[in-house]
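One structure is given below, encoded as structure tokens.
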Amino acid sequence: MVAAITEDMVRRRAEHNDCEIFSLEEISLHQQDIERIEHVDRWCRDLKILYLQNNLIPRIENVGRLKKLEYLNLALNNIEVIENLEGCESLHKLDLTVNFVGRLSSVESLKHNVLLRELFLVGNPCTQFDGYRQFVVASLPQLKWLDGMEISRSERIRASQGLEEVRRQVGEQEREYLKRRAVEKEEAQRKETGSEDINVGNAVPGSGENKENQEQDQSTRRPETDEEEREQAFWHTPCSFTPESRLEAHRHLQEKRRAAERKEEKKLKPPRRLITADGQVLNVNEPKLDFCLTEDEENNTVELDLAVYRHMDTCLIDVDVQPTYARVSVKGKIFQLVLPAEVRPDSSTARRSQTTGHLVLTMPRADSEIKATNTASRPGRPRQSSSKDEKRKNQVPERLEVDPSKRTSIDFANIVKWESTGSGPLETSRASPPAAICAPSEGFVDNPDVPPLI
């Protein structure tokens, strides 16, 4: 399946920029089976480096808005013409290695890229032309490096001296190449339209005996043998290296990959049954891990110790505790165990040991039982059953009996004891009872104008 440049694809490759694409300066979209350059010039206007190598791009387009683009890598694609790069004002390096550029005259379109310093055309048909390097060096005076080799000043002078003759030779070779390309395109179209008619009508007319033999041969042949023969014929049949043949090989590999995926899907085992139709939970140990299940009577809990691999990341473990069973997923493999007692999932805990890496599940029981402890009686004094013991045995409720002869309530009247004191009338910590009248002290003069204190 041919992939298109989508916003999600660009955003996933912008992790170094916090997944923001509007301010992205570098992006790599190589090996994505892209057949067309699109959207990048609108989404990422600040791009400086763009990697598009090893795709199926047949044409340079939609990059004219990238004014800040400095490096464009289009190696291993199906490009035949150098074009539409005039708007890339900051272009410093252009890589077109192993493409199908046959129109060498299209190199002259790079004259507008005055900052261009490096150009790679290795592996293109135009590099086989006589006078190829001389023509490129003379056509692009701003270049410093061509195909990884530095352009010297003397080489540039020699290239400019015989430019007209070299241009004539390049033009003749270019026209011949374009004629060959036209024939190759016609053959590719004819092959594509007539692919369904291959091996049709190959049977030689003859007697009925020959037909029977052919039918027997076809019935005895296995599908695997036919597939192997077709595969051998596809890869061993000679063909010219063209954009069409490269695209055909890519689609053939893609179809083969899909067929292998379909076979793998058929071979997949059905999902393991964890619970039967009648609701019975099964014990499953797909990861084949050692485990230990214990019951802690003191803390009234059920503890499961699962020997998980020590160096495995905890994010690969998923725990699910239910009232009657515990399920652990270890890298997609299920471990399930029926518990001996009903537990409380909301109060359960899951921890990993820092030394062994084991997973420990601590699950409190749902129905807590209170067990009576045996009290040992004193030696030599047999225990006598009382009425209280009989009432407890018969589950008769007990009542608290109060003896009315004994005062069990608080006497609020006698909280402060009344005592006489001679400390003076301002002493209030020990006040005299209101009923008793104290005798006046010596030298006391009763002034009738002074009101009483009480």
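Taken together, the values in this text are just the output of simple stated rules run on the coordinates, not laboratory data. Note that the structure is a prediction, hence the values are computed from the model and not measured. Glycine also receives a Cβ, built like all others from the backbone with ideal geometry; neighbour counts cover every protein chain displayed.
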Inset, instruction - With a ≥ b ≥ c taken as the square roots of the eigenvalues of the C-alpha gyration tensor of the stretch 7-177, please select rounded if a/c is under 1.5 and otherwise prolate if a/b is larger than b/c or oblate if it is not? - result: prolate
Inset, instruction - Go through the stretch 8-16 residue by residue and turn each phi into a ³J(HN,Hα) via Karplus (6.51, -1.76, 1.60, θ = phi - 60°); whole Hz please, and just put x for glycine and proline. - result: 5, 4, 5, 5, 5, 9, 10, 5, 5
Legend entry - Total formal charge among the other residues, if their Cβ is under 15 angstrom from that of residue 16, Lys/Arg +1 and Asp/Glu -1: -2
Inset, instruction - Enumerate the amide H contacts of residue 46 below 5 Å, restricted to partners 5 or more residues apart or on another chain; note that Pro and chain-start residues carry no placed amide H. - result: 24
Legend entry - Under the Karplus curve 6.51 cos²θ - 1.76 cosθ + 1.60, θ = phi - 60°, whole-Hz ³J(HN,Hα) for the stretch 132-148, x wherever Gly or Pro sits: 4, 5, 4, 5, 5, 5, 6, 7, 10, x, 7, 5, 10, 9, 10, 6, x
Inset, instruction - Could you list which residues have their amide H under 5 Å from that of residue 57, counting only those 5 or more apart in sequence or on another chain, with H placed in the peptide plane? - result: 78
Legend entry - For the stretch 284-364: relative contact order, % (alpha-carbon pairs under 8 angstrom, 6 or more apart): 32
Legend entry - Cα centroid separation, the stretch 1-78 to the stretch 88-133 (Å): 20
Inset, instruction - Name the long-range amide H neighbours of residue 339: under 5 Å, sequence gap of 5 or more, or other chain; modelled H, no Pro or chain starts. - result: 325, 326
Legend entry - Relative contact order, percent, the stretch 7-177 [alpha-carbon distance under 8 Å, six or more residues apart]: 14
Legend entry - Using θ = phi - 60° and Karplus 6.51 cos²θ - 1.76 cosθ + 1.60, couplings along the stretch 80-91 (whole Hz; Gly, Pro as x): 10, 9, 8, 7, 6, 10, 5, x, 7, 5, 9, 4
